[in-house]
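To keep things clear, I will list the structure first and then write my remarks on it.
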Amino acid sequence: MHRPADLARAHGLSAQAVRNYERDGFLPPARRSATGYRLYTDQHVRALSAFVALARGYGHSAAAEIMRAVNRGDRSSAYAAIDRAHILLQRDRETLASVSAASVSAASVSAASVSAAVGVLSSAPASRTHRGPVTVGVLAHRLGVTPATLRKWERAGILSPARDRLARVYSAADVRDADLAHLLRRGGYLLDHIASVVRQVRSAGGPEPLAASLAGWQERIDDRARRMLTGAAQLSSYLELVDQAGLSDHPETDAAPPVGVTGGAAVGGDQRGKSR
């Protein structure tokens, strides 16, 4: 058995965070001692490692969705969430490849080349079916953001939609700018920087901001892909433990601890916390 503090220490977390993860379904439910204290096993150790690794690669929200599905015995939903994340990553790669194909280099590309790159971006897979004016709701749905996010981008100078009876209408150029903004935003760039890049693209006055942003995002895509691989490996390791030991998705109902768990429950760390 393991104490909450033992699980937490391995990942730089607090014992309370581990309890919260169990409460939120990221870890399977723990059994309780006769006095009501949590008894964590190797299954929980492996589950926590999987969640932490998944969060680093897929993001906290997706990692939470994956682990909740796994821990309730719905692995198909967990795999579907993983697939969606990889589809999104592939979409980013395709968009970047399209833009890069129209650029020679940050040092030699001309204003005409930047215009060509913008044209390629407009015809990338993410934008191909959205050439004409669209409403804020349609654009927000396609990007997977809220209308409030698009209005925030407008205030930052990234988008400049027209108005039709006070409603926002986004042209093909606005959709292109929104695609680029969405790409850079997921890369961690601040709105001020994105606005500068979009202005540069609009004016075609030079390739440097666009090229630098795309190069940085390529590195981020590759880094995220590696972290996603690590997260998937940790999840696979967790699932193998569950399958090989014949565990249920609710270890508090299992008759015995999982294979490999050391004897001698140590719950002192849990007793020191405010929550059992």
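Looking at this structure, is G36 of a type outside the set (V, I, T), assigned to a loop (DSSP other than H, G, I, E, B) and over 18 Å from L235 (Cα atoms)?
Considered against the rule, which asks whether it is of a type outside the set (V, I, T), assigned to a loop (DSSP other than H, G, I, E, B) and over 18 Å from L235 (Cα atoms), G36 comes out as yes.
Can you find even one residue in the range 230-246 that is at pLDDT 95 or above and farther than 22 Å from R72 by Cα?
Yes, because at least one residue in the range 230-246 is at pLDDT 95 or above and farther than 22 Å from R72 by Cα.
Quick one: what pairs do we get from the range 169-191, first residue farther than 17 Å from R93 by Cβ, second small (G, A, S) and at pLDDT 85 or above, C-beta under 6 Å, 6+ apart or different chains?
Once the first residue is farther than 17 Å from R93 by Cβ and sits in the range 169-191, its partners that are small (G, A, S) and at pLDDT 85 or above give V169/A162; L191/A156.
Can you tell me how many residues in the range 38-57 are within 16 Å of A78 (Cβ to Cβ) and touching a Gly at 6+ places or on another chain (Cβ under 6 Å)?
The total comes to 3.
I need every pair where a residue in the range 53-67 that is crowded, with 19+ Cβ neighbours inside 10 Å has its Cβ under 8 Å from the Cβ of a residue that is not in a helix (DSSP H, G or I), sequence separation at least 6 or different chains.
Every condition considered, the pairs that remain are A63/F26; A64/D24; A64/G25; A64/F26; M67/G25; M67/F26; M67/L27.
Just wondering, is there one or more residues in the range 39-55 that are in a loop (DSSP other than H, G, I, E, B) and within 19 Å of G231 (Cβ to Cβ)?
So the first thing to find is which residues in the range 39-55 are in a loop (DSSP other than H, G, I, E, B), and the list is 41.
Pick out the ones that are also within 19 Å of G231 (Cβ to Cβ) and you get none.
No: zero hits.
Identify all residues within the range 123-157 that are at pLDDT below 90 and closer than 16 Å to L191 by Cβ; write none if there are none.
L143
Determine which member of the set H193, H182 is modelled with pLDDT of 75 or more and closer than 16 Å to A140 by Cα.
Among H193, H182, only H182 is modelled with pLDDT of 75 or more and closer than 16 Å to A140 by Cα.
The values are calculated or read from the model by the stated rules, or taken from the named source; none is laboratory data. As the structure is a computational prediction, the values presented were derived from the model and not from experiment. Virtual Cβ from ideal backbone geometry, glycine too; neighbours counted across all protein chains shown.
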